[in-house]
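What follows is a short report on a single structure.
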Amino acid sequence: MPDLLWDDVRNLFDPDLMGALPDVSVAGASDGDWQAVFDLVRSSGWAWEYSAGGVVGPLPSAAEVLSRPADAETVDLRVRPVPEVLVVFRPMSAEDVDFDVDLRELRGQEGVDVLCAFIAAVGRRLGKPVVMTAEGDRANPVLGFDPAVGRVVLMADPRLG
């Protein structure tokens, strides 16, 4: 059975309500958590591409990425859990594992299932909550992985708007 049903959460997948790129994050993270995410990406079978300043290269260790100078070029880890869906990690701080998804790519029950599976994979690997908020509204989670129940759950009224 799916973690969430499209008919129940369609508003949370509406780019006009949530912003096209809602924020997904794991608070209270560490270098080790970032390394666990990098290891998950490498071992998952997902397509991925790492770039620093737009230059594609091999995925270094999390410690190497996170120790870059503050004025260094932007780093992106672009992951495709399925060919039609792009997830972009931007490792800027050890304290938060942050990534974006494009809601325009997540339509219907299939999109909900892809997002829930991805969020759950990250949450299970880290053993920590993973929350999604509207773009720019990090204080109000709408859904997320709850490690106590082992699945993605609603964290807000899906009738928002």
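Below are the figures for this structure:
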quantity: Accessible surface of the chain, 1.4 Å probe, proportion on carbon and sulfur as whole %; calculated: 51 percent
quantity: Per-residue SASA entry for L66, accessible area with 1.4 Å probe, Å² rounded to 10; calculated: 40 Å²
quantity: Descending semi-axes in Å of the chain, equivalent ellipsoid built from Cα gyration tensor; calculated: 26, 16, 15
quantity: Solvent-accessible ranking of W6, W48, W34, largest area first, probe 1.4 Å; calculated: W48, W6, W34
quantity: Residue list for segment 123-138, given a label point 7 angstrom along the Cα-to-Cβ vector of L17 and an amide N cut-off under 14 Å; calculated: 133-135
quantity: Given charges at beta-carbon only (K, R positive; D, E negative), |dipole| of the chain in Debye; calculated: 360 debye
quantity: Percent of alpha-carbon pairs separated by more than 22 Å within segment 32-110; calculated: 23 percent
quantity: Test item: Cα-centred dipole of segment 73-161, Lys/Arg +1 and Asp/Glu -1 on Cβ, debye; calculated: 320 debye
quantity: Descending principal axes extents, segment 89-161, alpha-carbon based, whole Å; calculated: 32, 27, 22
quantity: Residue (of W48, S67, S25) at the positive-pole extreme of segment 10-88, dipole from beta-carbon charges; calculated: W48
quantity: For segment 46-114 and segment 1-45, distance of Cα centres in Å; calculated: 11 Å
quantity: Å² per residue, accessible surface of the chain at 1.4 Å; calculated: 49 Å²
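The values are calculated or read from the model by the stated rules, or taken from the named source; none is laboratory data. Everything numeric in this text was worked out from a predicted model, so none of it was measured. Ideal geometry is used to build each Cβ from the backbone, glycine not excepted, and the neighbour counts take in all protein chains shown. Heads up: the accessible areas ignore ligands, DNA and RNA and are worked out on the full protein's heavy atoms, side chains in. Shrake-Rupley method; radii C 1.70, N 1.55, O 1.52, S 1.80 Å.
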